[in-house]
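First the structure, in the form of structure tokens, and then the observations on it.
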Amino acid sequence: MAKKNNDFFVEKKAWSVVKDELLGCYFMPYVSKILHTYRPLVYVDCFAGKGKFDDGNPGSPLIALEVIDKCQESTSMESTQIEATFIDLNYADDLRNNLQKYPWVNIISGKYEDNLANVLQGKERCNVFLYIDPYGIKALRCSIFDELSKKHFNSIELLINMNSFGFIREACHALGTSFNDKAIFDDLVEYDPSKMDKSSESIDELNAIADGDYWQDIINQYKTGTIDGYEAEARFSEQYCQRLRQSYTYVLNMPLRIKKGQRPKYRLIHATNHRDGCLLMVDNICNRWEALQEIQSGGQLSLFEENYDNQIVDDTDIANKVSAYFARYSANTSLHEALAGFFMEYGPICSTGTVKKDLKKLESNGRIIVTREPSTTGKGKKATYMSEEKGKKVYVRWAQ
Ligand SMILES: C[S@@+](CC[C@H](N)C(=O)[O-])C[C@H]1O[C@@H](n2cnc3c(N)ncnc32)[C@H](O)[C@@H]1O
């Protein structure tokens, strides 16, 4: 169901609560950690909206600014440099009004495509975090993200909300078919949806968003009934993320549901070149999952522990995956690098802590060799830590 732009901000919907929960919860540990790089943080909300919903609930700008406030209050660092920019095509005046408490922020009226390069000009040595929350799909051209990855930022992270079903529906129109699984859109209220038709312009535009024509095969399989709409969406999202991985080493793809037990309605994509950013996001997804489940289920608790994909968590299956994955490391490899690789292979199926516990079991069974630097604690005992931080390195390798 398509709605006018204006209605979006009347009342904060469950859907926006789920998205913001993930932004806020990830952004808190991210800011705390990134400040310790002693480099400035440049935060850009590329589709900022009004700042606040008309019912008083905070939008993404206020959520991020409250996190920044808290981190600055609690940090032990003497000085921190944080710059925040909010771009919106339609609501810059509302943003100015709703963000009055933050006179230091930068508010831009216009399109993110036209303004981002300018905002990031001269920020090469900074840590850049972009929140990308558009209504439709047109803004999600892979080439924009590729370009960003080539700049010499100290680090860059993207958190993207993608209306992947919107892409599939428009791709169907472009290839002369219609999307029959209309129920998918029943409670996904869309604002200002992209519209494509059976023209070469639409095909070119979809090729540019996806940066390739791989989506056409998926739609053709949907057309012939080989796969259904959900499978088409899952395959497209997977391939879109694979494509992003040409520029970003670590790309996590998380399906989001509006109601528990439902099929996904949207995707949250996290892209970074930084393994620790990926691991932080994995734990954020897993730790916040309970809270998200509650929003999605209206407070009903599930009998079984479920993962981000609403799959029942099976400890044996996870342990088997850990063994299968880590068996590939015949030479010493950084633990964090290997962990990030594990989550690239299987998705954020469990927390980093769960994998580390399984690794410790494998270590005590002699199946993997763990080398720690330093190898002893301050009191001279054998070190057992499983975390790489300042002054601590951990390497793993499979025992042959
Ligand atoms: C989904 S809403 C953002 C909601 C916001 N993240 C929040 O949580 O409050 C998308 C916003 O993008 C704005 N917009 C649409 N096209 C844009 C563009 N090309 N560049 C920047 N903003 C755009 C719309 O005015 C709208 O406010």
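The values are calculated or read from the model by the stated rules, or taken from the named source; none is laboratory data. Everything numeric in this text was worked out from a predicted model, so none of it was measured. So basically every Cβ, Gly included, is an ideal-geometry build from the backbone, and we count neighbours across all protein chains shown.
Some points to look at:
- Qualifying positions in region 94-116 - closer than 17 Å to V42 by Cα and more than 13 Å from the ligand (Cβ to nearest atom): Y102, P103, W104, V105, N106
- Selection status of L41, away from the ligand (no atom under 16 Å from the Cβ), under 24 Å from E113 (Cβ atoms) and buried (at least 20 other Cβ atoms within 10 Å of the Cβ): yes
- Residues located in region 71-91, provided they are surrounded by 13 or more Cβ atoms within 10 Å (Cβ to Cβ) and away from the ligand (no atom under 16 Å from the Cβ): C71, Q72, T75, T80, I82, E83
- Test: residue in region 378-399 that is over 28 Å from the mean Cα position of the chain (by Cα), of a type in the set (A, V, I, L, M) and in a strand (DSSP E or B): no
- Odd one out for Y26 among (1) in contact (Cβ under 8 Å) with a residue 40 or more places away in the chain; (2) crowded, with 17+ Cβ neighbours inside 10 Å; (3) within 13 Å of the ligand (Cβ to nearest atom): (3)
- Test for D55: is it within 16 Å of the ligand (Cβ to nearest atom), at pLDDT below 90 and either surrounded by 14 or more Cβ atoms within 10 Å (Cβ to Cβ) or more than 17 Å from the chain's Cα centre (by Cα) (or both): yes
- When residues in region 130-153 are screened for being among the charged types (D, E, K, R) and away from the ligand (no atom under 12 Å from the Cβ), 4 of them pass.
- Answer from G212, G176, G225 - the residue that is modelled with pLDDT of 95 or more, surrounded by fewer than 18 Cβ atoms within 10 Å (Cβ to Cβ) and assigned to a loop (DSSP other than H, G, I, E, B): G212
- Selection within region 46-100 - of a type in the set (D, E, K, R) and in a loop (DSSP other than H, G, I, E, B): K50, D54, D55, E78
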